[in-house]
Structures are given as structure tokens and as C-alpha cells.
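Colleague: Have a look at this one before I ask anything.
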Amino acid sequence: MPEGKRSLPQPTPETRHFWEGTQSGELRLQRCNACQKAYFPPRPFCPACGQREVSVFKASGKGRLFSYVIHHRPVAGFDPPYAIAVVELDEGPRMMTNIVDCPQTPEALVLDMPLEVAFAKQTDEITLPLFRPSKSQSAKG
Amino acid sequence: MKHNSIAIVGAAETTELGRIPDMSQIMLHADAALNAMKDAGLGPKDIDGVSTAGETPTSIAHYLGITPKWVDGTAVGGCSFMIHVRHAAAAIESGMAKTILITHGESGRSGVGRSRAPVAASSLPGQFEQPYGPMGPPTLFTIPVLRYMKTYGLTHEQLAMVAVVQREWAAKNPRATFRDPVTVDDVLNSRMIAYPFRLLQCCLVTDGGGALILTSADRAKDFPQKPVYLLGTGESVETPMVSQMEDFTSSRAFRIAGPTAFAEAGIKHADVDHLMIYDAFAHLPIYGLEDLGFCNKGEAAGFIWERNTAPGGKLPLNTNGGGLSYMHSGMYGMYALQESVRQMRGTAPAQVPGAKISVCHGVGGMFAASGTVIMTNERV
């Protein structure tokens, strides 16, 4: 593995709830109180309708593999080849992630396969939401 | 914009392209700007507007000795220059400036005097993409493609064919970086970069620059070169994070910029003689052909496979060899614009005989932004 550590997020006032959530084992999304749309990345207003009245809620942590690449070149903190993936959550929003507990091959990484969140502690402040193939078969799709 | 009210009267690239270790980034801007001013028969005192990206308009104006009364520093990635053309046209039309210089220069390969800020860990991309190990465009721009492949049945061979056809165009261009023919097998056997993308499906990394000079069409006849008129332009942006694209099989920014330009130009797709679609990676011409309406969804790869965009085909595309084979400094849009101007002047190395209308379509960031410019050599 190349020297160094992966780049880590620096939370801002508008995203702190998300990173506090991953620390405590919750994947937190936001939903507009007016139009009910769930959205990501975090911000204290609804990007669909502009209302400031929004709620943070605990997401199911389930989703499906939406798309990815398998990177073959060295990056600090990663052991190539490794997949850089996008998961589509059951609640609707998509987010970038890595897929763990799964061979990093096109054969093993099948689009639309069910995934579930796997929290990966990086530091005392930062835990990243990674995803692994779903152990239950309850994810949609 | 009124049809044909604005003309490109100066256009040039840097004297050299490829590996230029003896020029810093700002000198690449200046080298291209001096060449474009010579092309137009102008000096710095004749320029009253400056647009640029990568450097600030302040840096460029001061370096070149220009005293502008209008500037535009729109910097949304590689299509910034298409958007500069659109903004310059509006400025000239409204009387804010008379003669506008647009510059680009980038020491993409040699890295001399390059200004490139790292992604801030507190930015949204820094918080929600960078921690997962992307390393620039080869790992981000490419992420939507597997979803496109599953949705429309695009094959690895078809994706490879984009690079094959563009190498055919590059072979006709003495300034192209790579000119030797390649086959689909060659592409599919080249080094894996970020599955499903192999080396020959990714753009070059080179040094270079380019510049354009725009003025009102009424003044264009006083300049030495054959004027190239603007017919229509469009622009849009979507998201700084590729993971947040609305649709992984189509770019919203493309679908706004392209049709806006077509509507403004008042042309149909059948009127287009020559097309440039910014090809940082092999999937971009596929997305562009569909989002601009040249092909139905899912049909662009077949359209390219059947050689419609190849030399001798009915829709010549990326006739300089594109970012895959001609050159790509990082923000390629300026080189696509230069090729459209050459085609409209009738001076391109792979000239499309009798071409009258050229569409030049750019992307910025990873599907983050888009700009489209439609040019003609006929004053209607």
C-alpha cells in the first residue's frame, strides 16, 4: 500500500450532524418538512424547494450499487486495485463510497447488488460510511 | 444574440504543442495571445476586453499590457472558453467592449508555473468524494459509465472504437501528439487505469495554449483573416460532484447548453457540417452526441462504430484528433474552438470540404459544466 493516509473530511457547521452520526453508527440524511424530499449532501435547507424547515433522520443504511470504477494506480491509504463506487440509498440520495468485504473485481461488483453501510473509524473525529454486500436480502432491487 | 452579429477575427494556438518545458503557464497564455493578435493584425492597445480561466483576467491583462474595460474570469473547467465566447458576444453586442481577447494556457505536462489548488477537505467534494480515493478526472469523470453500459448495452469494444476513430483523424494532423493508427484490440490491451477505462481511452496530458479575438461582425471585414461568425451559444452548470449528477447516462448541463445554442442559431442537426465534442475520455462523444440530439439515447456508440463520425463519414467529429490524440493540457475547450475556427476558415489539416456550420461543445469539471458555440463562415 502506498505511504500515507487517505484524505479525510473536515466537517463544517452544516455537515457536522452527518459526521457525528457516522461516529455513533448512524447514517443521517435530511428531509424537507414541506415537500418531504430526502436529500444529500447535507445543507440546512431543501435543494428541491428552498424551504429552511428540514429534519435530520436516520437512514436505513441500505442501498444498491449504482456505478463505480476500479482504480489501478497508487493513492495514499489505498491498496490498488480498489473500487470507487456510488451507492443509491433506499431513501433516494446517492453518495460516493468504497465497497468492503468484497473482491474488487467487475465479476464481484455487480451493478444493483444490495449493499449495507459499514462504518469505518478513521480517527477519533472521523468515521467514514463504507458499504458492503448486504447480508440480509431485504434491500430493494 | 443576434445571428452573425459577432465574429472571431483572431485565432491561434501556442507556437508549440506537447512538451514545452521552457514556458510557464502564464507565458503559454501570452504566446497564444501574441499569435492571435498577429493573426488579427492587432496589438495589446487594440484590445479592450479580456476573458480567461486558469489565470485571472488581472494577471493576463497586466502581463500582456492590456487596459481592459471589461473582464470575465468565468472558470468552470475546460468549457470555460466556450462560455467566454458566449459572454464576450453579449458584451460586444451591448457595447461594453469592442475587441475581446480570450486566452488559455496550461503547463499540464511540464507543470511550469502552474497554479492548481488541492481540493479543500472542508469543501463538499473534500468531505464526500475525496475520502474514497479518487485521483483526479480518470477516476471521477469515468464513474457514470458502468451505469450507462448497463442501461444501454454499450460494450467495451464500442467504447474503444471512439479512440480508434479519433486516432484516424489525428493521423491527418501534423500537430497531433499521437498519429499512429490503433485498433480496438490495441485500446483494449492498453494499461488499465480505472476500469472500465484503459490508457488509450483517457486523454493526453500535454502543454499548450490558445487564444481567440472577437469583435462585431460589422468590423470583421477590416481584418486580414476570413471572419468566422457566431450563430448561437449556450451554457449551464450542474454539480461539482460527479456522484450527485441527476442522471448517470446523460448530462443535464449538456442538455441545456446544446439545445440553447441550437435554438439561438435556428439550425437543425442536418445543417451541421462539422462537430467538436470535448473528449477528455472516450465516453464523452457518446454522451455529447445523444445530449445534443444528434443520436437517440443509447444509439451514439453504434453511430460511431458504423463510422459516421470517422473520416469520410456524414458527421465529421473531433477532426483534430481530440483530447485523446491531438493534445489535452487539462482545460481542452480552447483547442476544440480552435479546430472549429480552422474548419470554418478552410485551413484545417483534415479539412471538411465545403463545411459551413460547425458545432463546438465543451464540458467542464466532471460533467460539472458545459458550453456550446455554433459557428458559420457565411454571413446570412
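None of the figures in this text is laboratory data; all of them are computed from the coordinates on show. Computed from a predicted model, the values in this text were never measured in an experiment. Virtual Cβ from ideal backbone geometry, glycine too; neighbours counted across all protein chains shown.
Colleague: Quick check on A:A108: is it free of Cβ contacts under 8 Å to residues at least 60 places away in the same chain, surrounded by fewer than 20 Cβ atoms within 10 Å (Cβ to Cβ), more than 9 Å from chain B (Cβ to nearest Cβ) and assigned to a strand (DSSP E or B)?
Modeller: no
Colleague: Separate question: Counting only residues that are part of a strand (DSSP E or B) and within 11 Å of A:F131 (Cα to Cα), which one in segment A:89-105 is farthest from the other protein chains (Cβ to nearest Cβ)?
Modeller: Filtering segment A:89-105 for residues that are part of a strand (DSSP E or B) and within 11 Å of A:F131 (Cα to Cα), the one farthest from the other protein chains (Cβ to nearest Cβ) comes out as A:L89.
Colleague: Given the options A:A48, A:A85, name the one that is touching a strand residue (DSSP E or B) at 6+ places or on another chain (Cβ under 9 Å), under 23 Å from B:D247 (Cβ atoms) and more than 11 Å from chain B (Cβ to nearest Cβ).
Modeller: Of A:A48, A:A85, the one residue that is touching a strand residue (DSSP E or B) at 6+ places or on another chain (Cβ under 9 Å), under 23 Å from B:D247 (Cβ atoms) and more than 11 Å from chain B (Cβ to nearest Cβ) is A:A48.
Colleague: Sticking with this one: Across segment B:83-141, what is the number of residues that are part of a helix (DSSP H, G or I), closer than 30 Å to B:F262 by Cα and of a type in the set (G, A, S)?
Modeller: Qualifying residue count for the region: 4.
Colleague: For segment A:1-80, which strands (runs of 3 or more DSSP E) that fit wholly inside it have 2 or more residues that are of a type in the set (A, V, I, L, M, F, W, C) and more than 29 Å from B:Y148 (Cα to Cα)?
Modeller: A:54-58
Colleague: When you scan segment B:85-118, how many residues do you find that are in contact with a Ser or Thr (Cβ under 8 Å, 6 or more places away or on another chain) and either free of Cβ contacts under 8 Å to residues at least 60 places away in the same chain or among the aromatic types (F, W, Y) (or both)?
Modeller: So the count comes out to 1.
Colleague: Go through segment B:131-142 and give me each residue that's at the interface with chain A (Cβ under 7 Å from one of its Cβ atoms) and either over 19 Å from B:G330 (Cβ atoms) or in contact with an Asp or Glu (Cβ under 8 Å, 6 or more places away or on another chain) (or both). Lay out the reasoning, then the answer.
Modeller: Let us first name the residues in segment B:131-142 that are at the interface with chain A (Cβ under 7 Å from one of its Cβ atoms), namely B:131-135, B:139, B:142.
Correct list: B:P131, B:Y132, B:G133.
Colleague: Could you check segment B:165-191 and list, in sequence order, the residues that are among the β-branched types (V, I, T) and outside any helix (DSSP H, G or I)?
Modeller: Across segment B:165-191, the qualifying residues are B:T177, B:V182, B:T183.
Colleague: Out of (1) farther than 24 Å from B:G18 by Cβ; (2) part of a loop (DSSP other than H, G, I, E, B); (3) within 14 Å of another protein chain (Cβ to nearest Cβ), what's the single condition that is false for B:A194?
Modeller: Result: B:A194 fails condition (2) only.
Colleague: Give me a count of the residues in segment B:172-214 that are touching a Pro at 6+ places or on another chain (Cβ under 9 Å) and over 21 Å from B:L317 (Cβ atoms).
Modeller: Total satisfying the criteria: 6.
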